[in-house]
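Peer 1: Encoded as structure tokens, here's the structure I'll be asking about.
The values are calculated or read from the model by the stated rules, or taken from the named source; none is laboratory data. In this text the structure is predicted, and so the values were computed from the model without any measurement. Every residue, glycine as well, gets a Cβ built from its backbone with ideal geometry; the counts of neighbours run over all protein chains shown.
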Amino acid sequence: MHPEVARKQPSLFARLARRISFVLGIGAALLVTAAWYYAETAANKAYDRLLVGAALQMAESLSVEDGILTARLPTSAFELLGLADRDRIFYRVIDTHGQTLTGYDDLKTPTPLERAQDVLNVEEGFYKEEPVRIAHATRVLADPAVSGRAYVIVAQTNEARLALTRELTLRATILVFVMSLLAFAGAMLAIRYALQPVERLGTEVRSRDPHDLTPVSVDVPRELDPFVGSINHFMGRLNERVDLLQRFIADAAHQIRTPLTALTAQIDLLGAGRLDKAGRQHFDRVKERTSELSRLTNQLLSHAMVIHRADSVQLEPVSLVDVARRAYRAAIPITVDPDIVISFEAPDERPIILGDAVSLREAIVNVIDNALRHGTDQRLEVRVRASAMQGFVEVEDDGPGIPPESWARATQRFATSKSHEGSSGLGFAIAQEVAKAHGGTLSFNARGRKGFTVVLTVPLYKGEVK
Amino acid sequence: MRILLVEDTLDVGEAIARRFEATGHAVDWETNGRNASEIIDFTEYALVILDVMLPGMDGFEILKRIRKSGNIVPVLVLTARSEIDDRVGALDLGADDYLVKPFDFRELEARARVLMRRHTGGEATNLIKCGDIAVDRASRSVHVGKREVQLKRRELTLLEVLVARPGRVFSKDELLDQIFGFDEAANANAIELYIGRLRKKLEGARANIVTVRGLGYQLVPGDAP
Amino acid sequence: MIRLFLVLILAGLTTVQAFAAEDNKTEFSAPQSETGKLTIYSTTDLPAMKPLIEDFQQTTPNVSIVYIEYLTNELNALAAEACRKHQPLGDLLLSSSVDQLLKLANDGCATEHNSPETLRVAEWANWRDEVFGFTYEPAVFVYNSNKVPPAEVPRTHVELADLLRERLDYYRGRVGTYDIRLSGIGYLLAFNDARQTTTVFGRLLESMARASAVARCCTGEILEEVARGNLYIGYNMLGSYAYDAAQRHPDLRIVVPRDYTLVLSRGALIPKGAARADLGAAFLDYLLSERGQSVARTNAFYFTESGELPPGVDGPQNLKESGVAQPIRIGPALLAVQDRAQRQRFIEDWAQSMIELNSPAWMRE
């Protein structure tokens, strides 16, 4: 598998959360923009009415007195504009000759007055370097002395409009924000709820006994059916394979061992008594090869077995001493050379480890068997020890041992060295495999004064023993 | 002694039967599991040699029945099975010993002998001690301190004699009689050989086999000189 | 001839200005080593401001203060000119003609100022945080108790109008008021009188005109004349000055009208771009502060918005509670007051009504 593929992907929840918050964020931004636009329009509309009203009032106040156009600007017009209490007010009254009657001489409408017809048309503009809204009103005079059009221009700064716009937008923003939050929270809850079956499925799959290959039975939504189906299909196939392999090994064991046993039986029956010297030589070789074949067969099957069990058998708390003692009993033949001093030593306490007794026994048997065949000269000691965290099974013999440079090779399959001619080499491989499956190690202690030691180390089990 | 052999492979069964008959045992050979199970119910045997894979009823099933009925006959299981998916082994089901096929016939014979002897020797725990040497006559095991030392049958018998009466001097002839009986021909050199082996195997024990020149041997508790 | 006349007038104006610049300037040197100089242009009489300035220097002893006094219209003209030329006039403008200050602020000649003190200012006395009212001064009647019998003391505007009509001969030429052509404050008060009750004001104006009311430039002059007995009644006098004069002249009595009382708040404004706007702001904050207000109450302006009337003043117990007070709101409506066409028209009308005006000789030219 490529490392890229194995890189950790963010969780579904995080992805959905990110995308939803992104969409909500954009939505909120659009809404706030829209709110600003509408607020501005509304504020302008509201204050423009005041502006137009004031302009109309001022235009209404124009009168002709004694043949002269007179402006008596009503205070109320200014009070009307004063409703925008912070805004500056500029105005100009223009008489029929285009002369300024009163007010700010340089105030102009953005569109020339002659062309502007609609009195309600309020425009944007600048006056005294300030942005202003400008309104105007026209008064048509038909007095014999004064006739024509008089104009009133009224301008107002934008502070109140801006303040109102800001306030409206702020309120809208708060609403949008609260709504977004609610939507987000709701979405998160919904996602969480929707993802619950996935989580449940995950928990179910995770908490399963790794050796349990029965179909997963969790109620999942329809969308997850293919997924669960695949898992179950895969499990089914895996189960079949495991069964098949198991059956194969079992069959192989029986089918090979039985004739092999028959063969040794026949050799045993044959006996060597009636043979001449050459015949006896051949007989001995057949016997030797047969026993070698037996041993190799046993080791191969044993190897296959421990590998298979490592994947399929649940570890249980077992007493390391009991396992080692059984292995010791099984591994030491009664017919062993009586001159060899063989002993087994165990501590008073009972170190408990989490393990598969069958595999462990197989591992220890192989280590002892190896020592017996290739190491031991006069002495073989099997010891069980325990430290605070680990249990050790040590097999020490007084043979030449394995030189350190060959240690790495010794645990490989079928590694033979000159000093171990005839060894299948599988013994250490089996022990190593088992040690690994138990989170332990197989190691060697160089030949010291007493002898060469093979050490199987496994972590102690600290939990409750049933 | 009477032995029940349950084995369906003819070659194997024949070889086993012949071997035990050669050493003076009577062997009943069954090839069908069900038949074997029935025979055990009303025949007393000194040993049952039981193959696991059998037609009719498998060896484990037979073993379970034997133990269920309270029969304590020693059972030696022969198995060609891989323990690939076994949760319980033959020993857990009440077998006294087991051998994985293919096995060495001498080993089978030796183990069978041990089982039969243990059976006739009685079950009571019978622990005798001298110094830190402990001999359990029931399980026929020897401990030197915490160390369990593997002893051969005759070595064990010799040790039993010495340990039973520490300090007493046993003559070679006395020991010869004890160990080999009267029917077996052996000479005094054999005793010297066994004494030598025993000394080696008991090395480091707080009891020593002392040679009393001209008289014989005695076991004396205390640290090695 | 006409040309010579104009030259004379111009010369006269120049001298007046020079006179103002030289003589109405008072410097209060810093009690401690000077780190800054605050220039105040004001229309308020120095005696009223002096206690405040001196108290301010107690709190800020490193500042020397130059106090320059003008008439309201003069000050307005100077300030407008200064603003147009972007040469700020002083660091703080104080004027009783708030309409003029408001016009200045509307034209962008003011600096915004925010502080904890400005938050204390009543809403009607603050426009854009640029123009602040810092006093509370009712427009009152004054009379000389030797000349006006107690029974005749007018307590409302109508009573005053009726009195002048009924005792026309007695009061002819004995009633004084502002010449609104000269006094910005007079114009402001008159305009607001007119807005209050057009009919009453019309009647009063007519009565005063018929009684040959005397128009003067300044409060001080009228108060002086009433105190001396030359005038019997003064109309629309600023309460603070009147009360100050009454303390010096026992014959001078004050009436706060019971129908309505215009209340003026003297305005303060920091000119845009003022060199020491910070000092201007500091002094403004002082004026608005509890301490400044307290000094003003006891030594300068006597009347307060919330408190009772000072002792010896004839009027409602509490101006605000009685509902008689009509504060002149500092707001855009004052722009209508400041409109030049409006002003011209109003003053023309006023002058026409007071056709019989008994004005000083030099003004009649």
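Residues checked against (1) closer than 30 Å to residue A:36 by Cβ; (2) in contact with a Lys or Arg (Cβ under 6 Å, 6 or more places away or on another chain); (3) touching a residue at least 24 places away in the same chain (Cβ under 8 Å):
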residue: A:134; (1), (2), (3): yes, no, yes
residue: A:139; (1), (2), (3): no, no, yes
residue: A:191; (1), (2), (3): no, no, yes
residue: A:216; (1), (2), (3): no, no, no
residue: A:223; (1), (2), (3): no, no, no
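Peer 1: Sticking with this structure for a sec: Do any residues in region A:73-100 that are more than 8 Å from chain C (Cβ to nearest Cβ) have Cβ atoms under 6 Å from those of residues that are in a loop (DSSP other than H, G, I, E, B), where the two are at least six apart or on different chains, and which pairs are they?
Peer 2: Correct list of pairs: A:92/A:104; A:92/A:107; A:96/A:146.
Peer 1: While we're here: Pick from A:225, A:209: which is loosely packed, with under 12 Cβ neighbours inside 10 Å and not in a helix (DSSP H, G or I)? Give the steps one after another, and end with the answer.
Peer 2: Numbers: A:225 fails: not in a helix (DSSP H, G or I).
That would be A:209, the only listed residue that is loosely packed, with under 12 Cβ neighbours inside 10 Å and not in a helix (DSSP H, G or I).
Peer 1: With region A:122-168 as the region, which strands (runs of 3 or more DSSP E) entirely inside it contain at least 1 residues that are farther than 22 Å from residue A:69 by Cα and of a type in the set (S, T, N, Q)?
Peer 2: A:147-157
Peer 1: If you check C:39, C:44, which single one turns out to be crowded, with 19+ Cβ neighbours inside 10 Å, in a loop (DSSP other than H, G, I, E, B) and in contact with a strand residue (DSSP E or B) (Cβ under 7 Å, 6 or more places away or on another chain)?
Peer 2: C:44
Peer 1: Any residue in region A:122-129 that is in contact with a Leu (Cβ under 8 Å, 6 or more places away or on another chain), hydroxyl-bearing (Ser, Thr, Tyr), surrounded by 13 or more Cβ atoms within 10 Å (Cβ to Cβ) and free of Cβ contacts under 8 Å to residues at least 60 places away in the same chain?
Peer 2: Yes, there is a match, as at least one residue in region A:122-129 is in contact with a Leu (Cβ under 8 Å, 6 or more places away or on another chain), hydroxyl-bearing (Ser, Thr, Tyr), surrounded by 13 or more Cβ atoms within 10 Å (Cβ to Cβ) and free of Cβ contacts under 8 Å to residues at least 60 places away in the same chain.
Peer 1: I've got another one for you. For region B:15-51, how many residues are over 20 Å from residue B:64 (Cα atoms) and crowded, with 17+ Cβ neighbours inside 10 Å?
Peer 2: Within region B:15-51, residues that are over 20 Å from residue B:64 (Cα atoms) and crowded, with 17+ Cβ neighbours inside 10 Å number 7.
Peer 1: Here's something else I'd like to know. Here are some conditions: (1) under 30 Å from residue C:75 (Cβ atoms); (2) in a helix (DSSP H, G or I); (3) modelled with pLDDT under 90. Residue C:225 meets all but one. Which one does it not meet?
Peer 2: Against the list (1) under 30 Å from residue C:75 (Cβ atoms); (2) in a helix (DSSP H, G or I); (3) modelled with pLDDT under 90, residue C:225 comes up short only on (3).
Peer 1: Can you tell me which residue within region C:69-89, out of those that are buried (at least 19 other Cβ atoms within 10 Å of the Cβ) and either among the hydrophobic types (A, V, I, L, M, F, W, C) or over 20 Å from the mean Cα position of the chain (by Cα) (or both), is nearest to residue C:39 (Cα to Cα)?
Peer 2: Across region C:69-89, the extreme among qualifying residues is C:89.
Peer 1: Just one of (1) of a type outside the set (Val, Ile, Thr); (2) within 7 Å of chain B (Cβ to nearest Cβ); (3) touching a Phe, Trp or Tyr at 6+ places or on another chain (Cβ under 8 Å) trips up residue A:275, so point out which.
Peer 2: Tallying (1) of a type outside the set (Val, Ile, Thr); (2) within 7 Å of chain B (Cβ to nearest Cβ); (3) touching a Phe, Trp or Tyr at 6+ places or on another chain (Cβ under 8 Å), residue A:275 fails exactly one: (2).
Peer 1: Can you name the residue in region B:11-27 that is among the small types (Gly, Ala, Ser) and assigned to a helix (DSSP H, G or I) and, of all such residues, is nearest to the other protein chains (Cβ to nearest Cβ)?
Peer 2: Going residue by residue through region B:11-27, those that are among the small types (Gly, Ala, Ser) are B:13, B:15, B:17, B:22, B:24, B:26.
Filter once more, keeping what is assigned to a helix (DSSP H, G or I): B:13, B:15, B:17, B:22.
Numbers: B:13: 8, B:15: 3, B:17: 10, B:22: 10 Å.
By that ranking, first place goes to B:15.
Peer 1: Within region B:123-172, track down each residue that is under 21 Å from residue A:348 (Cα atoms), within 14 Å of chain A (Cβ to nearest Cβ) and polar (S, T, N, Q).
Peer 2: Listed by number, the residues that qualify are B:139, B:141, B:150.
Peer 1: Take region A:332-345 and flag every residue that is more than 7 Å from chain B (Cβ to nearest Cβ), over 16 Å from residue B:108 (Cβ atoms) and among the aliphatic types (A, V, I, L, M).
Peer 2: A:340, the sole residue that qualifies.
Peer 1: For region A:237-256, check the following and say yes or no: at least one residue is of a type in the set (A, V, I, L, M, F, W, C), away from every other protein chain (no Cβ under 14 Å) and out of contact with any helix residue (DSSP H, G or I) (no Cβ under 7 Å at 6 or more places or on another chain).
Peer 2: yes
Peer 1: Taking the conditions exactly as written (out of contact with any helix residue (DSSP H, G or I) (no Cβ under 6 Å at 6 or more places or on another chain) and either assigned by TED's automatic domain parsing to the domain that holds residue A:43 or not hydroxyl-bearing (Ser, Thr, Tyr) (or both)), does residue A:88 satisfy them or not?
Peer 2: Spelling it out, it is not the case that residue A:88 is out of contact with any helix residue (DSSP H, G or I) (no Cβ under 6 Å at 6 or more places or on another chain) and either assigned by TED's automatic domain parsing to the domain that holds residue A:43 or not hydroxyl-bearing (Ser, Thr, Tyr) (or both).
Peer 1: Within region A:16-69, count every residue that is outside any helix (DSSP H, G or I) and either in contact (Cβ under 8 Å) with a residue 60 or more places away in the chain or at negative phi (or both).
Peer 2: Residues flagged as outside any helix (DSSP H, G or I) and either in contact (Cβ under 8 Å) with a residue 60 or more places away in the chain or at negative phi (or both) within region A:16-69 amount to 8.
Peer 1: Pairs, please: C-beta under 8 Å, at least 6 apart or cross-chain, first residue surrounded by 10 or more Cβ atoms within 10 Å (Cβ to Cβ) and among the polar types (S, T, N, Q) and in region A:106-120, second at pLDDT below 75 and assigned to a loop (DSSP other than H, G, I, E, B)?
Peer 2: Sorted first by the residue in region A:106-120, then by its partner, the pairs are A:109/A:116.
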